[in-house]
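Only one structure is covered here, and it is reproduced in the block below.
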């Protein structure tokens, strides 16, 4: 498989402290998989190898103000996963993605660099739904979208499904994604992703850029 550089982009979803740093609200659940799969180092190598060749697009989760005033108490926005995150404990307080805390900040090894695109406004599992991601991909004439980031079977999968429905050629770079357990990771890699696109390693992806 060859990937035309001018028409290819990497999308990196939620490389933030709440997921990826000790003391973050959700770090304790994913820490073992991060270490086992060496995901942070894989991502760094991928980004370093791809910069200047393909577009690199960051889609972090949007920060909430303390107390989550953006969401109606008891409303649908506080149900399910979001409600759970609102009660999670971090070293810097209660609640995930809190403005003014380290939680929503992108971790140091994966900070965007000159030429990278930073997409704001992600408030949902799907990176397309509440952001300008689709517009920016279309405006840059991107056909091949390679997904990386967190969590594999939540935001990465939701975004990859949407990309498929929007007519993009979907790639998932498996060693640059992670979730809480082997079971969840393998189900997404082996059952879901092959039906909507191509699963590749970071080395395979870099080798395919033409």
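Taking Cα atoms only, the orientation of helix 27-37 departs from the longest principal axis of the chain by about 20 degrees.
Once both labels are positioned 7 Å from their Cα atoms along Cα-to-Cβ, the gap between residue 201 and residue 181 label points is 2.7 nm. FRET efficiency for the pair residue 210 and residue 51, taken as 1/(1 + (r/R0)^6) with r the Cβ-Cβ distance and R0 = 22 Å, rounds to 0.85. In this simple spin-label approximation, residue 120 and residue 65 carry label points 7 Å from Cα along the Cα→Cβ vector, and these lie 1.5 nm apart. Shape analysis of the stretch 107-195 places it in the oblate category; the axes a ≥ b ≥ c from the Cα gyration tensor give an a/c of at least 1.5, with a/b not above b/c. Taking the chain as a Gaussian network of alpha-carbon nodes connected by springs under 10 Å, the highest mean-square fluctuation of the residues 149, 49, 74 belongs to 74.
If packing is taken as the average count of other Cβ atoms within 10 Å, what order do 27-33, 171-177, 109-115 fall into, highest mean first?
171-177, 27-33, 109-115
Determine the distance separating the Cα centre of the stretch 56-134 from the Cα centre of the stretch 179-197; give it in Å without decimals. So the two Cα centres are separated by 23 Å. Taking the C-alpha atoms only, the angle from helix 39-50 to the longest principal axis of the chain is near 40 degrees.
For the chain, the relative contact order comes to 29 percent (Cα pairs under 8 Å, sequence separation of at least 6). The computed Kirkwood radius over Cα pairs in Å for the structure shown corresponds, within (i) 26.9; (ii) 17.2; (iii) 19.1, to (ii).
Rule-based calculations on the coordinates, nothing more; no lab input. The shown structure was predicted, so the numbers you read here are calculated from the model rather than taken from an experiment. In this analysis, Cβ positions are derived from the backbone assuming ideal geometry, glycine residues included, and neighbour counts consider all displayed protein chains.
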